[in-house]
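Peer 1: Here's a structure for you.
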Amino acid sequence: MNVLLIGGGGREHAIAVALSKSPKLTKLYCAPGNGGIAQVATCVPIKATDISEMADFAKREAIDFVVVTPDDPLALGMVDALTEAGISAFGPTKAAAMVESSKAFSKALMAKYNIPTAAYRVFGGDVAEAVAYIHEQGAPIVVKCDGLALGKGVVVAQTVEEAEQAVRAMMEDKQFGDSGSKVVIEACMTGPEVTVLAFTDGKTICPMPAAQDHKRVFDHDQGPNTGGMGAFCPSLNYTPELAKCCMDTIFRPTVDAMGKEGRPFQGVLYFGLMLTPDGPKVIEYNARFGDPETQPLLALLETDLLDIFQAVVEGRLDEMTIQWSEKSACCVVLASGGYPGKYETGKPIFGLDQAPEGAQIHHAGTRWDGDTYQTAGGRVLGVTAVGDTLEQAVEQAYKTVPLIQFEGMHYRRDIGRK
């Protein structure tokens, strides 16, 4: 099969590596890809959001199967367009991707179908009304952009003033463009956070091992939210009893609800969960693989990923037995200094060939200038390691990190250590 993977981050590098191992694969393309993905796929300079050009390329190159992973093209309807063009594509339709592209939609879905989540209100346009609500509720309180914001459109405000500032930044200053024209303000939940990604064809649900992401830029969960500074799996907080509870009260009801709403979900459904004193509750949904959770998760996958993707698209996931290693994996993200704010790019990267056996380096924001790899984004690399225990995986990842260097390199030193 000729396969086209859409995207160009660390998540896509991990997926590209997994797909490259499939005996079914003839040729792997990635658009736009990055410096590291070019080691396992032919990179094509097409923007991930350029739907018409992507469909033209797929037809021209006789692509048999397309994997759409980033949130933007899913929200724009790339899977719909490819399917209409007669090309088999993995990922949810535009209508199904609304669970991520509109937080107002996803909260309304949860309220309608009694899926546990935080109490909330949606505000659109009237800043004064949103600010009045914040003062009425008090802090801590959570302010979220309705639309997509690269994982950064969430503020967990510890004071009323901080929450008001977040609302004004989103709605008045348009910090996240149109994504912040509407905001969701919700009660602040407490407890450990866990991420569960699940393959689903709209009927069968196959959860992956539970993972834990680290969103804040600095150690001890300090500083602003990022797209993710590291992740590990499996989560030690996620017991078999919790897994059953989540399947019964969250996973199955969500997939069923999407079907009832005429938006059947096929692809990877991401459940961001809070394990509150009142039981597990949904923080957010994503309509695709998470980044960086994908990197450690796929390091533990033992089943052919292309087989799984095909089973999802063809509605026969119930025929699959997906095998996962019993080991643990940890990913540490190496970021540009200043991320998630302003940062410089074009810094040469050294030591990429130094990774010991058992560690993988996934490229996120890199480019190859013909001589050296250079930084080309906020999150530059992800160092992923596998171990018999979580402690071993964490230790191996952090042994590898110092072997890599670029000017301004920043990383958290507490991934997997909470």
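The values are calculated or read from the model by the stated rules, or taken from the named source; none is laboratory data. If you're wondering where the values come from, they're calculated on a predicted model, not measured in any experiment. FYI the Cβ positions are ideal-geometry reconstructions off the backbone, even for glycines, and counts take in every protein chain you see. Please note that ligands, DNA and RNA were not included when accessible areas were found on the heavy atoms of the full protein model with its side chains. Shrake-Rupley method; radii C 1.70, N 1.55, O 1.52, S 1.80 Å.
Peer 1: Tell me, rounded to the nearest percent, the portion of alpha carbon pairs in the chain spaced more than 39 Å apart. If you can, show how the numbers build up before the last one.
Peer 2: Values: 11968 of 87153 pairs.
Summing the P(r) tail past 39 Å for the chain gives 14 percent.
Peer 1: Convert 10 °C to kelvin, take the viscosity as 1.306 mPa s, use the Kirkwood radius over C-alpha pairs of the range 289-396 as Rh, and evaluate the Stokes-Einstein diffusion coefficient in µm²/s, rounded to a whole number. Display every interim value, and only then the final one.
Peer 2: Values: Rh = 15.8 Å.
The calculation lands on 101 µm²/s.
Peer 1: What residues have an amide H closer than 5 Å to that of G7, excluding those fewer than 5 places away on the same chain, when H is modeled at 1.01 Å from N in the peptide plane?
Peer 2: A31, G33
Peer 1: Lysines within cross-link reach of K27: Cα-Cα under 21 Å, excluding same-chain residues under 8 positions apart?
Peer 2: K47, K59
Peer 1: Would you grab the residues whose amide H sits under 5 Å from the one on L381? Only those 5+ places off in sequence or on another chain, please, with H modelled 1.01 Å from N.
Peer 2: L334, A364, G365
Peer 1: Here's something else I'd like to know. How much of the accessible area of the chain, probe 1.4 Å, is carbon plus sulfur, in whole percent? Kindly include the intermediate steps, with their values, before the conclusion.
Peer 2: Numbers: 8200 of 16840 Å².
Roughly 49 percent of what the probe reaches on the chain is carbon or sulfur.
Peer 1: Follow-up question, since we're still on this one. Per-residue counts of other Cβ atoms within 10 Å, averaged by peptide: what ranking do you get for 110-116, 358-364, 123-129, 197-203, highest first?
Peer 2: On the way: 110-116: 15.4, 358-364: 24.1, 123-129: 12.7, 197-203: 20.3.
The densest-packed peptide leads the list: 358-364, 197-203, 110-116, 123-129.
Peer 1: What net charge do the residues around N225 carry, taking every other residue with its C-beta under 11 Å from that of N225, with Lys and Arg at +1 and Asp and Glu at -1?
Peer 2: Neighbour charge sum, excluding N225 itself: +2.
Peer 1: Can you give the log10 of the normalised intensity I(q)/I(0) at q = 0.16, 0.27 Å⁻¹, computed with Debye over equal Cα scatterers of the range 211-267?
Peer 2: For the requested q values the scattering log ratios are -0.75, -0.94.
Peer 1: Quick one: give the max-minus-min coordinate of the C-alpha atoms of the range 123-239 along each principal axis, largest first, in Å.
Peer 2: 44, 35, 24
Peer 1: Mind checking which lysines have their C-alpha under 30 Å from K399, skipping anything on the same chain fewer than 8 residues away?
Peer 2: The reachable lysines, counting only those whose Cα sits under 30 Å from K399, are K21, K152, K215, K327, K342, K347, K418.
Peer 1: Now a separate question. Quick one: Kirkwood hydrodynamic radius for the range 358-418, alpha-carbon pairs, angstrom, one decimal? Kindly include the intermediate steps, with their values, before the conclusion.
Peer 2: Values: mean 1/r = 0.0791 Å⁻¹.
Over the range 358-418, the inverse of the mean reciprocal pair distance is 12.6 Å.
Peer 1: Using Cα pairs under 8 angstrom and six or more residues apart, how large is the relative contact order of the chain, in percent?
Peer 2: Values: 999 pairs, mean separation 67.6, N = 418.
Here the relative contact order equals 16 percent.
Peer 1: Can you return the lysines within cross-link range of K244? Criterion is Cα-Cα under 16 Å, with same-chain partners fewer than 8 residues away left out.
Peer 2: Within the straight-line limit of under 16 Å, K244 reaches these lysines: K281.
Peer 1: For the range 358-366, take each phi angle, set θ = phi - 60°, evaluate the Karplus expression 6.51 cos²θ - 1.76 cosθ + 1.60, and give the result in whole Hz per residue in order, putting x for glycine and proline.
Peer 2: Karplus-based 3J(HN,Hα) across the range 358-366 equals x, 10, 10, 10, 9, 7, 10, x, 9 Hz.
Peer 1: Another question, if that's okay. Please work out the Cα center distance from the range 71-138 to the range 144-186, rounded to the nearest Å.
Peer 2: Answer, in whole Å: 15.
Peer 1: Go through 9-18, 66-75 and give me the packing order, highest mean Cβ count within 10 Å leading. Please report the intermediate quantities before stating the final value.
Peer 2: Details: 9-18: 27.3, 66-75: 23.6.
Per-residue mean Cβ counts within 10 Å order the peptides as 9-18, 66-75.
Peer 1: Rounded to the nearest 5, what % of the DSSP beta bridges within the chain are antiparallel ones? All intermediate terms of the calculation are to be shown ahead of the outcome.
Peer 2: Details: 61 of 77 bridges.
Percentage antiparallel, nearest 5: 80.
Peer 1: Work out from phi, with θ = phi - 60° and the Karplus expression 6.51 cos²θ - 1.76 cosθ + 1.60, the ³J(HN,Hα) of each residue of the range 192-197, listed in order in whole Hz, and give x for Gly and Pro.
Peer 2: x, 9, 9, 10, 10, 9
Peer 1: ³J(HN,Hα) across the range 387-399 via Karplus (A = 6.51, B = -1.76, C = 1.60, θ = phi - 60°), whole Hz, x for Gly/Pro?
Peer 2: x, 5, 10, 4, 4, 5, 5, 4, 4, 5, 4, 6, 6
Peer 1: Here's another thing I want to ask about it. Looking at the square roots a ≥ b ≥ c of the eigenvalues of the Cα gyration tensor of the range 8-76, which shape do they give, rounded for a/c under 1.5, prolate if a/b is larger than b/c, or oblate?
Peer 2: oblate
Peer 1: To two decimal places, what compactness ratio does the range 66-154 give when its Cα radius of gyration is scaled by 2.2 N^0.38 Å?
Peer 2: Working: Rg = 16.4 Å, N = 89, 2.2 N^0.38 = 12.1 Å.
For the range 66-154, the normalised Cα radius of gyration is 1.35.
Peer 1: Here's another thing I want to ask about it. Pick out which of K260, K103, K215 has the largest mean-square fluctuation in a Gaussian network model of the chain, springs linking Cα atoms closer than 10 Å.
Peer 2: K260
Peer 1: Take the chain, connect every pair of alpha-carbon atoms lying under 10 Å apart with a spring to form a Gaussian network, then pick out the residue of L150, L273, L298 with the largest mean-square fluctuation.
Peer 2: Among L150, L273, L298, the largest mean-square fluctuation in the Gaussian network model of the chain belongs to L150.
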